[in-house]
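Notes for the one structure printed next.
What follows is calculated from the coordinates using simple rules that are stated; it is not laboratory data. Model, not experiment: these values are computed from the prediction. Cβ placement follows ideal geometry from the backbone for every residue including glycine, while neighbour counts extend to all protein chains displayed.
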Number of protein chains: 2
Amino acid sequence: MCAANAQPLIDPYHSRDVPREEQAPRVDPVVYGKPGDGPLSADQLADFERDGFLFLPSLFSADEVLELQKHAAGLAKKVDPDQDWVIAEPDSRTVRSVFKVHRLDEVFVELAREPRLAGVARQILGSDVSVHQSRINFKPGFRGKEFYWHSDFETWHVEDGMPRPRAVSASIILTPNNEFNGPLMLVPGSHKVYVRCVGETPEDNYKSSLKKQEIGTPSVDALTAMVRDGGIVAPKGEAGSVIFFDCNTMHGSAGNISPFPRNNVFFVYNSLENALTEPFGADKPRPDFLGDRDAPPVGRL
Amino acid sequence: MCAANAQPLIDPYHSRDVPREEQAPRVDPVVYGKPGDGPLSADQLADFERDGFLFLPSLFSADEVLELQKHAAGLAKKVDPDQDWVIAEPDSRTVRSVFKVHRLDEVFVELAREPRLAGVARQILGSDVSVHQSRINFKPGFRGKEFYWHSDFETWHVEDGMPRPRAVSASIILTPNNEFNGPLMLVPGSHKVYVRCVGETPEDNYKSSLKKQEIGTPSVDALTAMVRDGGIVAPKGEAGSVIFFDCNTMHGSAGNISPFPRNNVFFVYNSLENALTEPFGADKPRPDFLGDRDAPPVGRL
């Protein structure tokens, strides 16, 4: 590699290639934009920078939520459960997740472009953005499964080739989040540490990791230390509230035995200056529905 | 059956013998005693009667909790994980539950006799009491399993031969309960309805039901209606707090992916006027560690 090459000699976010787990500092900024650049105030940007997430209660109105719920349910009925971008229960074929919804339904295309979402992402990331991944999750009451702790960026870097942690997720909750239905739990401050995980990436890892992630998750010691430092926060609120979180924020969710379902729409906005390259730790990139390799700016969706 | 027999012709709490789930009224009182009979005030007794549970924060001091934790950990080390009254993980043989602790360790014998616990039970049940079942639960962080909704009394009646819902459980929490570590969830008011469940009791049902209860649990429709009427409450508090709950109160707990363990000591106090008979819906009673058939009054433990 010659000195003229702008790439560092060593990938600061390499992972799954170390004999022992390591914690590395995040060498990239969290917030790129300023208060005047978008909907967020200086305080909100500072909160996001410090915590790695921001909860905006009732960002969408009850009427808007109703419309989204209707289209989400319609989509779940319409899609073919055998498509790889649809996650269905093996026995009942009930649809649990539909990916790439920003390519499927005009309502979700519009939602992805929505200034209350994309505008926040552009402001945080300091550039125009594209949708790296989108999905609707239907978590039923009584038997909603847990999702173990993970940083999205670790997987997106290693398996999708996302160069830098310059992406932000928006989870639009379509049902109320309460303490009983397994709401998203985040570890404040965890986005500033990058955990290099041990373990090689199996071929087509995504097929099992979408059900239960086992590769690319930190050790219990690392998680314990992160929670000791930052605690855990699980934002609660009405349908229509939105949780924005940094791509490297450690998060997970408990199972749901309550009668209350937990449904959401999920967009990952990536900076256009952070376009995907070859995966940093896998033989081939994951399918497009998990990491869109040809993602246009949201304005041209 | 002759008329002189005091038993009703039809068991008001029959279950697992119906073609369809039924909801039956509880025909027995919840509270038998009066304010002067024990530690609870008139308000506390009224709360217990209405809700089916009562949370007493920090009933035991930090020093007392430390002593209990020490003995609990010592017991977990000392017991043989192959005994049927010890629940251990198949792979690591780490002990998860130890039953009949009121028969094993003087500290837990004393705890069972403790007026702050047994005195409350005697007051609620209006009689002297014995210990129907006792155990210590060690719920680790990160991989604590969920327990699905159930009424204890349904199982104790059908499988152990407990005639009437005249028993109360005390859960002494040895680690703080918070919203993240899968605390006990209770449905207020659910103790006044008896759900007759469908499904026959398999032989030695307890061997699988201790891991995952599938027989004797209400339908999602029944649970949804109960929660619509009563909501869900998950008491939170410091180690040393105690949750008393009626044997027919619907309860469960979510899994625990947080780093915080959730350990407790658990006593079921049964009225001496409610001694076990033959099981009402199983060929043979469960082992003594699950339902003590020869339980002395707590004073003579």
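The table below gives the values:
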{"item": "The stretch A:151-285, relative contact order in percent, only Cα pairs under 8 angstrom and at least six apart counted", "result": "55 percent"}
{"item": "Average beta-carbon neighbours from other chains, 10 Å sphere, peptide B:147-159", "result": "1"}
{"item": "Among A:180, A:267, A:289, residue whose mean-square fluctuation peaks in a GNM of chain A (springs only between Cα atoms under 10 Å)", "result": "A:180"}
{"item": "Number of partner chain Cβ atoms within 10 Å, mean per residue of A:251-258", "result": "6"}
{"item": "Gaussian network model of chain A, Cα within-10 Å springs - most flexible of A:178, A:137, A:248", "result": "A:178"}
{"item": "For chain A, calculated [θ]222 nm from helices alone, where every DSSP H run of n ≥ 4 adds -39500 (n - 2.57)", "result": "-5500 deg cm²/dmol"}
{"item": "Residue pairs, from the table A:78/A:139; A:139/A:207; A:70/B:236, whose Cα atoms sit over 27 Å apart", "result": "A:70/B:236"}
{"item": "DSSP-assigned coil residues among trypsin sites (Lys or Arg not before Pro) in the stretch A:103-175, each with at most 14 further Cβ atoms within 10 Å", "result": "A:143"}
{"item": "Normalised convex hull volume, the protein assembly as shown, alpha-carbon set, Å³ per residue", "result": "176 Å³"}
{"item": "Relative contact order %, the stretch A:20-274, counting alpha carbon pairs below 8 Å whose residues are six or more apart", "result": "35 percent"}
{"item": "Simple label model, 7 Å out from Cα along Cβ direction - residue A:23 to residue B:284, nm", "result": "5.4 nm"}
{"item": "Per residue Cα convex hull volume in Å³ - calculated over the stretch B:1-84", "result": "259 Å³"}
{"item": "Column: log10 I(q)/I(0), Debye, Cα scatterers of the stretch A:100-187, q = 0.23 Å⁻¹", "result": "-1.37"}
{"item": "Candidates A:90, A:165, A:235, ranked by Gaussian network fluctuation over chain A, Cα under 10 Å, top entry", "result": "A:90"}
{"item": "Translational D in µm²/s for the stretch B:83-128 (Stokes-Einstein at 4 °C, 1.567 mPa s, Kirkwood Rh from C-alpha pairs)", "result": "104 µm²/s"}
{"item": "Chain A - Kirkwood radius from inverse mean 1/r over Cα pairs (Å)", "result": "19.5 Å"}
